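Below is one structure, written out as structure tokens, with a few remarks after it.
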Amino acid sequence: MSAFEYYTKNGINEDSVNRKRKNHGQQCQSKNKKKLKKIPVKITKNEKGIENPKKPKSQALNNIYNNLKDSFKTGQKLLEWLIHPISIDDFMKNHWEKNILHVPRNSSNYFSQLFSLTELDTILRENNLQYGTNVDITSYTDNVRETHNPVGRAHPHVVWDYFNNECSVRLLNPQLFAPEIYKFMANLQEYFGSLVGCNVYLTPPFSQGFAPHYDDIEAFVVQVDGEKHWRVYKPRSGFETLPRTSSRNFHQDEIGEPILDVILRPGDFLYMPRGYIHQADTLFTETHSLHLTFSSYQQNSMYDFLQVVVNNSLNNAVKNDVSYRYGLPIGYQHFGGLCESEKPLPRTVQRQKFENQINQLITNLKKHMDLDHAIDMFSLKNYYTNSLPPSICNDELLRTVANGTKMLPNGKTTELEINLEIAEVKFIRKNCFRLVEESMLDEETDQMINEVRLYYNLDNSKQLHSNECQFVVIPDEMGLFVKKLFNIYPSFIKVSDLCSDNEQAMQLVNDLWERGLLITSKDITTLST
């Protein structure tokens, strides 16, 4: 049933909504004129008045987390869980970057493990969240989108007063405070190989928090609690199809008719490619709404990748081909330009010669393309420096350096000796690492040298876009051993087979393990001599 049919069936129209809003007695005012009503918010109770109900667990989701043999497949299964019963093949063929996907479910607890109203209230009470950095207070009334953020800490009492006055609450970077959201994001990014983000949106009844707009990300909307009316519109033009930046706020008369008009209920799912205009409200549903929007593929397009490819190719060309170092011809300023382009054809001989020269240089540029290096460089820039650190479960911690030497109450440390030589190891995740060869300036010889580095995101912060990726310098003769670890994943390999009595290789394995990059097949407390 579409939202329109739902409203018609229930005799709901704009006049009835306005009457209800008037009876509701809460009008969201502008930032400078806002007068808060002191109305208690009882979001920690269910309908029977039981405080702090336990969140039902999604057994299917737990089953995915309990099988972490291959992190790429774990991320793939999380996407399958999101879009179920649609297969990934169907999704990628018919929806990904092409069309919206709406999955209604008669399963109100489907997403309940990820987040809840109670958890949002707890996060506000137990953390120093700041307006603008962690929390936004927004409204959209009479085609006007406003942000009502005060300065300083977002105290729950004030936030809920805004909520009671028909303002929406947006929680930014929830992975900093919500463990299940962080775990989901960190594992899903292993599949996409692209940063996964998330925002939490809480909307009160009879309101709308944001103007119609489109985003620069692939959006995965999961309805956790309450109901929300969504309208989605096709991109307005080819230029706005798969855009690289988000749009301004649109007016209703700019966006046409929706291609999807639906109410999302708990457990429902909606996917929107970047560029699809959307707006959501609770004007008719008479209830609040709590939903999460997961995102990916921001500035992860062929254009973004080709920028790196072309730049690297030019760097190679200028070093190896003198034709790229020749100076521009004298008077090139007069070979073209706005004024010159308006002159009648034919072009001057000098212009034609210059154009042929440029075309030839562009054609020859392909000879200097190093696709492998470009993939390494783009991955570092776009993913590894921005991504979340992996979410490590308790069972995995027992098989990493985290379960190593400990301090005892008597001031002594455990005498356990870890013998990695008898262990089986592998990288802790598939997409946490990148082996890259980079040109470096040797300060002693003032010469450029090549250095092999193993970059990893395990030490990244949970604050997105704020990392300087850590790395280990790999001696040239040790690169073979690291490549073997890459190629053997997700299988384990015996350290004795990997190192073959090579002391330097054994030292490398110890270094990688002590940084937390390797995981053993068994609890490391059994690896004692």
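Here are the numbers for this structure:
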| quantity | calculated |
| --- | --- |
| Matching entry among SER194, SER207, SER237, SER246 (being under 15 Å from the mean Cα position of the chain (by Cα) and on the phi < 0 side of the Ramachandran plot) | SER194 |
| Close pairs (7 angstrom Cβ cut-off, 6 or more residues apart or separate chains): at positive phi and outside any strand (DSSP E or B) in region 273-300, hydrophobic (A, V, I, L, M, F, W, C) and buried (at least 21 other Cβ atoms within 10 Å of the Cβ) anywhere | TYR297/ILE217 |
| Residue match in region 360-368 (condition: of a type in the set (Lys, Arg), out of contact with any helix residue (DSSP H, G or I) (no Cβ under 9 Å at 6 or more places or on another chain) and open to solvent by 80 Å² or more (accessible area, probe 1.4 Å)) | no |
| Residue in region 316-337 that is within 30 Å of ASN457 (Cβ to Cβ), touching a helix residue (DSSP H, G or I) at 6+ places or on another chain (Cβ under 9 Å) and open to solvent by 70 Å² or more (accessible area, probe 1.4 Å) present | no |
| Filtered residue count, region 309-360, keeping only those that are free of Cβ contacts under 8 Å to residues at least 40 places away in the same chain, part of a helix (DSSP H, G or I), closer than 30 Å to PHE378 by Cα and not aliphatic (A, V, I, L, M) | 7 |
| In region 288-312, the residues that are buried (at least 19 other Cβ atoms within 10 Å of the Cβ), touching a Lys or Arg at 6+ places or on another chain (Cβ under 8 Å) and hydroxyl-bearing (Ser, Thr, Tyr) | SER289, TYR297 |
| Out of LYS77, LYS98, sole residue that is open to solvent by 50 Å² or more (accessible area, probe 1.4 Å) and either under 24 Å from ASP261 (Cα atoms) or touching a Gly at 6+ places or on another chain (Cβ under 8 Å) (or both) | LYS98 |
| Residue within region 380-398 that is under 30 Å from GLU180 (Cβ atoms), touching a residue at least 12 places away in the same chain (Cβ under 8 Å), among the aromatic types (Phe, Trp, Tyr) and in a helix (DSSP H, G or I) present | yes |
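Residues are listed down the side, and each one gets a yes or a no for (1) crowded, with 18+ Cβ neighbours inside 10 Å; (2) touching a strand residue (DSSP E or B) at 6+ places or on another chain (Cβ under 6 Å); (3) farther than 19 Å from ILE137 by Cα:
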site: THR203; (1), (2), (3): yes, yes, no
site: GLN208; (1), (2), (3): yes, yes, no
site: VAL221; (1), (2), (3): yes, yes, yes
site: GLU240; (1), (2), (3): no, no, yes
site: ASP268; (1), (2), (3): yes, yes, yes
site: TYR276; (1), (2), (3): yes, yes, yes
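The values are calculated or read from the model by the stated rules, or taken from the named source; none is laboratory data. These numbers were taken from a predicted model, which means no experiment stands behind them. FYI the Cβ positions are ideal-geometry reconstructions off the backbone, even for glycines, and counts take in every protein chain you see. Note: areas computed on protein heavy atoms with side chains; ligands, DNA, RNA excluded. Shrake-Rupley method; radii C 1.70, N 1.55, O 1.52, S 1.80 Å.
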